[in-house]
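Accompanying notes for the structure given below.
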Amino acid sequence: MRIEGNDQRLAAATATQMQQTGAQQVLTIKTVQQSDTQKAKSENSVQTIAGDKVSINVELPKNTVDTLQKIGNISDFLNSVAINLRQTNEGLKATSSIVADMKTSLDKIIKNYPPYTFDSKERIDQLMSYSSLKKQIMSLMVPAPPPPAYEGVKHLWDDLFSGPGGTVQTPTLPLNAPDSHVNAAAKQLDVISGQIGLVQESMSSSIMGS
């Protein structure tokens with residue numbers, strides 16, 4: 001393709017556009033002062049002639065354009081992966097924070113001395129707080145990591161997010177739950193925290209190794 005004009009900025013803009021279209025193209029800005037001999041010598045060069053007018057010939061081999069296109073596609077792909085990984089990591093952090101708060105509520109019951117009476121207001125308040133946090137974690141939808149990282153953590157991910165709708169399955173404790181159930185739930189929350197940490201660690205290892 002050949003384009004004529006007398007604006008150097010137009011030449012630069014058009015050259016950029018040709019790279020983006022991915023076609024092998026030639027840009028030539030001719031001047032009225034150039035003879036056929038001068039034009040032959042000016043291939044692949046830039047000359048200043050008669051004021052601001054220039055002659056520019058830019059040739060882009062098809063394989064070079066293909067490479068540029070591939071680089072552009074890879075860049076878009078990597079940007080998408082980075083965004084998805086960030087969303088997954090933020091979801092895991094939010095999940096970990098809620099699980100930690102749930103554990104704190106139970107620890108206040110377990111570690112209180114003397115132990116709360118079964119019907120004490122403080123004990124009931126902590127169990128109500130626990131139930132409220134459980135609702136939060138059940139409504140928290142954490143997106144799975146993108147394919148480059150997901151393959152390395154799939155088995156861990158499926159175990160962690162085994163609850164309804166792909167949520168984290170945490171223990172249910174009614175307000176009249178005995179201390180033995182509270183202790184068992186606290187231990188299960190420790191396991192869940194460990195699972196979250198393992199998923200995060202495995203994701204990092206998968207990314208670094210890819």
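What follows draws every value from the coordinates through simple rules; no lab data is involved. These numbers were taken from a predicted model, which means no experiment stands behind them. Every residue, glycine as well, gets a Cβ built from its backbone with ideal geometry; the counts of neighbours run over all protein chains shown.
Brief remarks on what is shown
- Modelled this way, with points 7 Å down the Cα-to-C-beta line, the labels at Ser206 and Lys62 are 3.9 nm from one another.
- A Förster radius of 25 Å combined with the Cβ-Cβ distance from Gln188 to Lys121 puts the calculated FRET efficiency at roughly 0.45.
- Counted charge near Asn112, where neighbours are those whose Cβ lies closer than 15 Å (Asp, Glu -1; Lys, Arg +1): 0
- Net charge dipole size for the stretch 67-210 [Lys, Arg +1 and Asp, Glu -1 on Cβ; Debye, nearest 20]: 140
- In Hz, Karplus ³J(HN,Hα) per residue of the stretch 169-181 (6.51, -1.76, 1.60; θ = phi - 60°; x = Gly, Pro): 8, 10, x, 9, 10, x, 5, 9, 5, x, 4, 4, 6
- Theoretical gain in end-to-end length, Lys135 to Lys108 [0.36 nm per residue, Cα-Cα removed]: 7.8 nm
- FRET efficiency for Leu175 and Asp101, using Cβ-Cβ distance with R0 set to 22 Å, rounded to 0.05: 0.75
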